[in-house]
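One structure below.
The values are calculated or read from the model by the stated rules, or taken from the named source; none is laboratory data. For clarity, every value in this text was computed on a predicted model and none was experimentally measured. Neighbour counts are summed over all protein chains in view; Cβ atoms, including those assigned to glycine, are modelled from backbone coordinates with ideal geometry. Heads up: the accessible areas ignore ligands, DNA and RNA and are worked out on the full protein's heavy atoms, side chains in. Shrake-Rupley method; radii C 1.70, N 1.55, O 1.52, S 1.80 Å.
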Amino acid sequence: MPTLDWIGKQAVVNHHREVPYRLVHCDSALSAGDPEAGNLLVQGDNLEALRALLPYYAGKVKCVYIDPPYNTGNEAWIYNDNVNSPEIKTWLGNVVGKEAEDLSRHDKWLCMMYPRLRLLREFLRDDGAIFVSIDDNEVHYLRAALDEIFGKSNFITNVVWQKSYTSNQTAKHISDTHDHILIYARSRDLFVMGKLARTEEQKATFDNWDNDPRGPWKAENLSAGKFYSAGQFAIVGPDGREFLPPKNRYWRMNQETYEEWLADGRITFGKAGTGRPMLKKFLSEMKDELTPNTWWNHEEAGSNKVASTQLKEIFPGDDVFSTPKPVSLIQRILTLGTAPDDLILDSFAGSGTTGHAVLEQNKQDGGNRKFILVEMEDAIARDVTAERLRRVIKGYNKGGEAAKSVEGLGGGFRFCRLGMPLFDEFGDVAAEVTFPDLAAHIFFSETGVPIPQKAKGEFLGVFQDRAVYLLFDAAHAETPREAAGNVLTPDRLDALPAPPEPFEGQRVIYAEGCTVSKDRLKSAGAVFKQIPYQIDGV
Ligand SMILES: C[S@@+](CC[C@H](N)C(=O)[O-])C[C@H]1O[C@@H](n2cnc3c(N)ncnc32)[C@H](O)[C@@H]1O
């Protein structure tokens, strides 16, 4: 199989595993609405933010949507699109090392994207999917990278979205009016693509000129190309004309069914009664569900212009962000990729369109979807992403020509920032780490799945054949380990709460030390793991 290679690849393919786990702190002053709504906006580099969120959300996200920098080389954008922002430069310097100086624009972009895509995959549910917006600058490299990370067989499609409906007459060669949206499933067999509702325009193509009581209908071809031996009879029209199926085609029904349809008023010969026979397909009898196709026109999915107008209405008079996506585009993705209770993740949040679309979609279908957004630039996260969400949650005064007040969509979100790494430079648990923080991390690193609930006591939970325990008092720094209860002693072992029945597996107990003999541990069906040395990810 052809493979993708670039300068720096070796340094980044597994880099996502080396990124330190950080604490996440919420800032209530920048949060808005109901803090318990389950929505998060995290300010920080998404590599670190995703790693920090993984212990809580691995395998729980139904739909990832990202709109990363397109790598156009256009320096004039509000955020730096050609992967030259100071944070990313430092990161590339640290991770890729000296080689970073020779990297081309495309090498840098791939170095930036690859570990982030690898982490994003870990957030997806088995039946989930990732949707990635991109344009022609990187679509070919992105597709090859996604093939590698998600598996070629999990490629679903490359949607073409009509981002602009006017041609740029000053384009050097040809005017670029579309973006791509690459869709990959975590597992192609488990992902089910949603359907689209019929639009009013599509409904308007049904007519009812004969006042049929069953309502509007559309004339459908009665013949098909597939051989059907019973579909070769002559149909006699109202004026006595005989109709045979066209050459190499067959009626799609036998004569008996035809007679039934005719008697039921389901066959039309046109207004004059002299046309070829057609089947009347009634709108009222059709499912209001259409299989989506790969062409998303601006009338249905919105355009870049619509997106800018939407943002200007929320921030009248300010040009706060130059590359938003339209809310309708993301709502379409939510329609196809989520059910009403699902979790959506966007780690290149920008102006927060994904959060806005989730709230809007919930309002429209009564859903309870939740979102996690990550935005690196502090000023954007605070003044644009969070502020937009705050305004659409609470309501705002729409600017522009049709100025009026817009009712709030309700809901809420917590604004969070990344704190220090869980482990200090010596590999010890950092002093700021609380019991629930460490518990979440240990449960995840032991089992690969998020902790079932916020830890309160030493028993953290069960996953498959393992029950996980943690003996750790965060205030241990000043206290001898054993006195702080951070050591597994024979008495502690006997006193540990039993996992809920039925349980036949092993008890894995994390603590700073252990005074229980190996034999005793074995006969108690227990394994001791020492903090911090035997915690993955230190
Ligand atoms: C194309 S914009 C996304 C626009 C968004 N879809 C919207 O509708 O507003 C990309 C965003 O990703 C942010 N970004 C770039 N690199 C990032 C990183 N490493 N971590 C988090 N955010 C990043 C940029 O600051 C920018 O706001």
Net lengthening on full extension, residue 244/residue 262 (0.36 nm per residue, minus Cα-Cα): 4.9 nm
Separation of alpha-carbon centers, region 1-73 and region 144-170, rounded to whole Å: 21
Cα-projected label distance for residue 428 with residue 36, points at 7 Å along beta-carbon direction, nm: 3.9
Euclidean distance between Cα centres, region 211-248 to region 90-137, Å: 56
Zero-based 10 Å bins, Cα pair distances in region 200-285, whole percents: 17, 48, 29, 6
Full-stretch length increase - residue 148, residue 187 - with 0.36 nm per residue and alpha-carbon distance subtracted: 12.7 nm
Normalised contact order of the chain, rounded percent, pairs of Cα under 8 Å and 6 or more residues apart: 19
Solvent-accessible heavy-atom area per residue, rounded to whole Å², over region 200-285 at 1.4 Å: 63
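Using Cα-Cα distances under 8 Å and only pairs 6 or more residues apart, what relative contact order does region 200-285 have, in percent?
The value is 35 percent.
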Probe 1.4 Å, protein heavy atoms only - accessible area per residue of region 120-183 in square angstrom: 44
Backbone HN-Hα couplings from phi across region 4-10 [Karplus 6.51/-1.76/1.60, Hz, Gly and Pro as x]: 9, 9, 7, 5, x, 4, 4
Sites residue 504 and residue 17 - FRET efficiency at Förster radius 22 Å, r taken between beta-carbons, to 0.05: 0.10
Within the accessible area of the chain (1.4 Å probe), percent carbon and sulfur: 48
Residue 343 long-range amide H proximity, modeled H, under 5 Å: 62, 63, 370
Probe 1.4 Å, protein heavy atoms only - accessible area per residue of region 396-476 in square angstrom: 47
For q = 0.11, 0.23 Å⁻¹, Debye-computed log10 I/I(0) when each Cα of region 275-366 counts as one equal scatterer: -0.43, -1.26
3J(HN,Hα) from dihedral phi, region 35-45, Karplus parametrisation 6.51/-1.76/1.60, rounded to Hz, x for glycine, proline: x, 8, 5, x, 9, 10, 10, 10, 8, x, 4
Qualifying aspartates and glutamates (Cα of each under 18 Å from Cα of residue 363; at least 8 residues distant if same chain): 34, 36, 341, 342, 407
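Expressed in nm to one decimal, what extension gain is obtained for the pair residue 378 and residue 534 from 0.36 nm per residue of sequence separation less their Cα-Cα distance?
Here the answer is 52.6 nm.
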For the chain, average projected area of the Cα convex hull in nm²: 35.8
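At most 10 other Cβ atoms within 10 Å and a DSSP loop assignment: could you name the GluC sites (Glu not before Pro) in region 339-426 that fit?
Passing sites in region 339-426 are 401, 425.
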Environment charge at residue 136 (Cβ cut-off 10 Å; Lys +1, Arg +1, Asp -1, Glu -1): -4
Selection from 171, 150, 160 lying farthest towards where the dipole of the chain points positive, charges on Cβ: 160
Cα centroid separation, region 304-347 to region 187-209 (Å): 22
Qualifying trypsin sites (Lys or Arg not before Pro) for region 409-472 [loop in DSSP, other Cβ within 10 Å: at most 16]: 454, 456
Long pairs among 163/203; 89/312; 163/394; 325/394; 60/195, criterion Cα-Cα beyond 26 Å: 89/312; 163/394
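What does the C-alpha gyration tensor say about the overall shape of region 427-530? Classify as rounded when a/c is under 1.5, otherwise prolate if a/b is larger than b/c, or oblate.
Since a/c reaches 1.5 but b/c is at least a/b, the shape of region 427-530 is classed as oblate.
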Pairwise label distance in nanometres, residue 164 with residue 94, each label 7 Å out on the Cα-Cβ vector: 3.8
